[in-house]
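All remarks here apply to the structure that follows.
The values are calculated or read from the model by the stated rules, or taken from the named source; none is laboratory data. Keep in mind that this is a model prediction, so the values were computed, not measured. Note that each Cβ is placed from the backbone with ideal geometry, even for glycine, and that neighbours are counted across all protein chains shown.
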Amino acid sequence: MMADKLIRRGGLFLAAALISTSLYAQQASPSAHDLAQRVDRHYNQLHSLRAGFTESYEGLGLKRTESGTLLLLKPGRMKWEYSSPAGKLFLLDGKYAWFYTLGDPQVQRIPAKQLDDLRSPLRFLLGHTQLEKELTHLSVAAAPNGQFTISGQPKGQEERVARLTLTVTGEGSITGIEIEETDGALTRFLFTREEPNAQVPASTFHFTPPAGVPVVDALPPV
């Protein structure tokens, strides 16, 4: 009889452990819908953002790593200011996107609506974020340090981008982006020192071409 009680008690402990493990797994692995909504909530409450970034690229026989500061200001303004290489700039002023690197013979400009740049997936953060409308075929996986990845296909970039993966915290803050192009090239962005609602003057997003450097209207994507 004592043995039967021990067996039953052991069975109860095992059942409780299995239930606990199952509940933990459900909490630790949110659905794609739930995680996308966390990202939406996190960024929809912001009006500005400052963060450090590191950008790495591998593809077509090339490898490079660059870094700098990312600034966002709603509505529609974004600035990637590179410290390495110093003097490189990508800026969205709400109407145009500007590309310039110190020493270049010209400044490139393109209407924001025609932009097809790998940094542009973050543009959805500049309006009313709805991640599930920006990416299709969403999937979620666990990532190190209690984070998660959410992957999908960016709408409108099917011919260029095979997969976009966001690494996010449980609260929905993006700490990394990985973009796999259809030709196999891989671009990664890592973000640090996020400052939500940082003091970012609107004048930060006004670009004045250097004296004597002509502005050339870039061709829209084909």
Inset, instruction - Within region 172-192, identify whether any single residue is touching a residue at least 60 places away in the same chain (Cβ under 8 Å) and among the basic types (K, R), and answer yes or no. - result: yes
Inset, instruction - Working carefully through the options G152, G184, find the one that is assigned to a loop (DSSP other than H, G, I, E, B) and either surrounded by 12 or more Cβ atoms within 10 Å (Cβ to Cβ) or more than 15 Å from the chain's Cα centre (by Cα) (or both). - result: G184
Inset, instruction - Inspect region 160-171 for any residue being at pLDDT below 90, of a type in the set (D, E, K, R), touching an Asp or Glu at 6+ places or on another chain (Cβ under 8 Å) and surrounded by 12 or more Cβ atoms within 10 Å (Cβ to Cβ) and give the result as yes or no. - result: yes
Inset, instruction - Answer yes if at least one residue in region 124-145 is at pLDDT 90 or above, part of a loop (DSSP other than H, G, I, E, B) and either among the polar types (S, T, N, Q) or more than 19 Å from the chain's Cα centre (by Cα) (or both), and no otherwise. - result: yes
Inset, instruction - Could you look through region 201-220, keep only residues that are of a type in the set (S, T, N, Q) and under 25 Å from the mean Cα position of the chain (by Cα), and pick out the one that is surrounded by the most Cβ atoms within 10 Å (Cβ to Cβ)? - result: T204
Legend entry - Any hit, region 37-52, residues being of a type in the set (S, T, Y), outside any loop (DSSP other than H, G, I, E, B) and surrounded by 12 or more Cβ atoms within 10 Å (Cβ to Cβ): yes
Legend entry - Residues of region 197-210 satisfying the condition of being more than 21 Å from F99 (Cα to Cα) and out of contact with any strand residue (DSSP E or B) (no Cβ under 6 Å at 6 or more places or on another chain): Q199
